[in-house]
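Remarks on the structure that follows.
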Amino acid sequence: MSSRLVRRVLREQGLKPLDSGLEQEAEDYAESSVSSSPFRNPFDLLDDQEDEQDDGEEVSTSNETVQNIPSTSSSYNAPAAKRKTKKKKKKAKDKGHQKVTSEESIDPMIEKLSISTDSGEKEVDVSDEKLNEIQRDEGKPRISSVLTVDPKFLKAENELRKIFGSKVVSSLENNQNTFGFRGAHSGRRSMHNIRKSVLVSPQPFWPRWDGSLSMEVLESEKGEHFFRYVQNPSYKRAQEIFEAARSAHDINTIAMILARLPYHVEALLIFSELYKFSGEHHSSADAIAKCLYALECAWHPQFNALGGNCRLKYTHETNRPLFQALFQHMNSMHRRGCHRSALEVCKLLLSLDTDDPMGALFCIDYFALRAQEFKWLEQFAEEYHSDSSIWLFPNFSFSLAISRLYLETTEEVEKAPAIDLMKQALMLHPLVLKKLVAKVPLKDRAWTEIISDSFFKSAKGGSPSLEHLINIYVERSYIMWRLPELQSLLKKAAIQVIESLKRDSAEAKDWACVRKEAFPSEKNEYSHLLVSDFSDTIPTLPPEEVRHFMVGQHAVPEVVDENWDNGVMEEARQPRDVAGRNPLAVFLESLLPWADFGTQRNGHAHGPDQDQQEEQQHRE
């Protein structure tokens, strides 16, 4: 033990080292031990330092060590102290002493934690308040785990790396980042640390998050927490201008809004649609990613979107952009072949509002089948809404039969076979078969004979709602029915249905009653869901339609002049960069009367108006 440590212990005990020979003797011992010690590995000194620190803690905390030090210097036994110090330095020779010390230090901790050393079980003291809290939690309904989102599969980049390899995806991302830096606005852009995101992968050239949106807590009920987005004053002023520009179809004013507020989510959604119809799918996906990044940055600290118990009601106007962005993001990932990522986004979309305003329930089965999540699909059908009525929908009645078919090929299933489920689906929704034969298409002679049967030939939807859902299912999932094994299952089930109806025709009436009871409304309850939104076909916008859709900035001059400065107007009029863009999209954009690409002729810049004047002079 060093002399400094001895002095510290004596000082804590209120003693003074009267005998000055004590310090000298301890110092002489330290010098002699260092000089007489043989050569050692330098790395062993690290263990000695740890031992000295442990010894110092033991001296300051252990009563046994303090009691060994005498109260007076006359009764101090120097050789005993040397032997004790030497034993402490040699850890390997004094394992018993350390064991006793550790046991003595553990005993008070065991008493504080109320741990019984005899039984080895923990006795936890729970207060009345904690018991009441536990009882309240037990009374709450448990959130189904089928809507819990796995963040590992949420981003499309992770799935693309599994499909194509990390090198291919990394090289593609580097090229996109290089183009993003080049395609950004002219001028020096300050670098900043981009915030991490769960939904998307933000690019380093994106602007800094401006904090124009936030989120507030509305209420908590039955284990569910309700939130709502809140706009700051500058965002509200920009929203008024945006509404006026959208009603006038003025895309130029919307572009000026983005120049001032780069994370205006409604404007980003408009430009995403414009890029999609123009054929620039990468720019469309980038606009959606920016929108989701801005909406995620505004999340409340208590908002856990991946847990399945946080709600954002679609009835609030400020919450709707998140639903629209997630729906477009889901379809974009599906077109890229990332079906598992699209499934996770669909689960998130369905968990935010159980009323399902975007119709995620009518495509989640398709993404589960494409991602080969067959067990999850059956679990979802059993646990969602805690009943089995979900199989009455056309998409689930057929998708569950497909899922059972693939499960039977890999393992033994003790439930109904796939052929029985397919027969039930055809009896419940015979109109699906007729539409699939025309949409896939199925041109074999056997299908012509099946469709000519009276049961399938006279098949009707039964109600406007059911017929609309059938159209959505056929448009969404017809591509899967081109697989030979699915066609074989469908043909076999259809033939058995026809044979069974020949023996007992009353069975068709029973299924018609079930169909009418499941969809009794005479109005289309799903008219807000467009069939085109569930299609992989993206229509292109002709140039004349683009010209009628977008008008010049003169449509809302008074609103722009009151709220926007000249700097923003000048920035919106800057020449546009065409490097790396789709030539067809550039051509369509060049037809707009306000488009300016900075073209020069004979050293002078020419815009669209000057080109028209020159053309008129040439005609004269």
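Coordinate-derived values only; no laboratory data. Remember, it's a predicted structure, so these values are computed and weren't measured experimentally. For neighbour counting, all protein chains shown are included, and Cβ atoms are generated from backbone atoms with ideal geometry for every residue, glycine included.
Annotations
- Near the amide H of R311, within less than 5 Å, lie the amide hydrogens of H225, F226, F227, all on another chain or at least 5 residues away, with H placed in the peptide plane.
- 16 Å reach of a label modelled at W511, 7 Å along Cα-to-Cβ, counting backbone N of region 411-449: 417-437
- Separation of alpha-carbon centers, region 333-366 and region 445-495, rounded to whole Å: 24
- If R0 is 25 Å, the Cβ-Cβ spacing of S220 and T354 corresponds to a FRET efficiency of close to 0.95.
- Stretch gain in nm, segment K313-K457, where the contour uses 0.36 nm per residue and the Cα spacing is subtracted: 47.6 nm
- Flagged links, alpha-carbon separation over 21 Å, of K457/K523; K415/K509; K196/K290; K375/K443; K492/K516; K457/K509: K457/K523; K415/K509; K375/K443; K492/K516
- Stretched out straight at 0.36 nm per residue, the stretch from V198 to E485 would grow longer than its current Cα-Cα span by 99.5 nm.
- Förster-model FRET efficiency, 30 Å R0, K415 and K523, C-beta, rounded to 0.05: 0.25
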